[in-house]
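The values are calculated or read from the model by the stated rules, or taken from the named source; none is laboratory data. As the structure is a computational prediction, the values presented were derived from the model and not from experiment. Backbone-built Cβ (ideal geometry, glycine too); neighbour counts: all protein chains shown. Each accessible area value is taken on the protein alone, full model and side chains, heavy atoms only, with ligands, DNA and RNA left out. Shrake-Rupley method; radii C 1.70, N 1.55, O 1.52, S 1.80 Å.
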Amino acid sequence: MEVSEKVCIPSVSKTLKHELVHLIVSIGVAIFIHVTYGDILVSIFTFALAMFLDADHLFDYCLHLYKNEGGISGLFKFSAKEFLSGAYFQKWQKFITPLHAWEIAIGSLLLYFFWLPYPIFMSIALALSSHYLVDYATNDVNKKAYFIMYRAKNGFVKKAISR
Ligand SMILES: [Zn+2]
C-alpha cells in the first residue's frame, strides 16, 4: 500500500506496482521456507502472509468509513478504488494497520528459538520481516513506523510515521 508523504497523489497503479515487488519477495521467502522445512502448507502460508499482509489496511479503511462517513451506513460507501489507491488516507490521517508490527515478527522469532520450535513461527517471522523491508524500501516512512507501540504512543497519527 502506498503511504508516501511526499508523493501524495493517490494512484491504483502505484499500489499495484508496490504489490508486484511484494509478490516477487513473497515467492522468494516461501521457497526458502519450503527448502528449509519441506512443508507445502507452511510454504503456502508464508507466501500468503507476506503477500496479502496489506489486507490489514482494510481495518483502517473500514474504521475510517465508520467514523467519518456516518457509522454503519458509512461502511456501505466502501470503494475498491478509494481503498486500493490509498485516497482515504488524506481524510483518515491515521495508520493503525495492526499487522504492520515488528513486535509480532520479533515475538514469533523468540517463540521459535526459545519455546516452540515449529516452522510456523519462523514462517511468520520471515514473512512479516520481508514484507516490512519492502515497505521500508518503497514507502517514505521512518524506522520506528512499523513498531505498533510507537504508533500507539503517537495516537496512530500518520504524521508520526513519515520520515
Ligand atoms: Zn505493507
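For Trp92, Trp115, what's the largest-to-smallest order of accessible area, 1.4 Å probe? Write down the numbers at each step before the final one.
Details: Trp92 20, Trp115 185 Å².
The residues order as Trp115, Trp92, largest area first.
Is the C-alpha gyration tensor of the chain telling us rounded, prolate or oblate? Criteria: a/c under 1.5 is rounded; beyond that, a/b larger than b/c is prolate, otherwise oblate.
Numbers: a/c = 1.88, a/b = 1.68, b/c = 1.12.
The shape class here is prolate.
Pull out the extension gain between Ala152 and Tyr118, defined as 0.36 nm times the separation in residues minus the alpha carbon to alpha carbon distance; nm, one decimal.
Working: separation 34, 0.36 × 34 = 12.24 nm, distance 3.01 nm.
Extra length available between Ala152 and Tyr118 comes to 9.2 nm.
Multiplying the residue separation of Lys17 and Glu69 by 0.36 nm and removing their Cα-Cα distance gives an extension gain of 15.8 nm. Work out the FRET efficiency for Ile27 and Ile106 from their Cβ-Cβ distance, taking R0 = 25 Å, and round it to the nearest 0.05. E between Ile27 and Ile106, to the nearest 0.05, is 0.55.
Anything over 25 Å Cα to Cα? Flag those among Lys17/Lys94; Lys14/Lys159; Lys77/Lys153; Lys67/Lys144, in the order listed.
Numbers: Lys17/Lys94 23 Å; Lys14/Lys159 21 Å; Lys77/Lys153 30 Å; Lys67/Lys144 27 Å.
Distance filter (> 25 Å) returns Lys77/Lys153; Lys67/Lys144.
How much length is gained if the chain between Tyr136 and Phe59 is pulled fully straight, taking 0.36 nm per residue apart and subtracting their Cα-Cα distance, in nm to one decimal? Before the final figure, lay out the partial values.
Values: separation 77, 0.36 × 77 = 27.72 nm, distance 2.05 nm.
The span from Tyr136 to Phe59 would gain 25.7 nm if fully extended.
For n ≥ 4 DSSP H runs only, could you compute -39500 (n - 2.57) per run for the chain, divide by its residues and tell me the 222 nm figure to the nearest 500?
Details: 8 runs with 100 residues, N = 163.
When only DSSP H runs of four or more count, the value is -19500 deg cm²/dmol.
Taken as Cα centroids, the range 99-163 and the range 28-60 sit 15 Å apart, rounded to the nearest whole angstrom.
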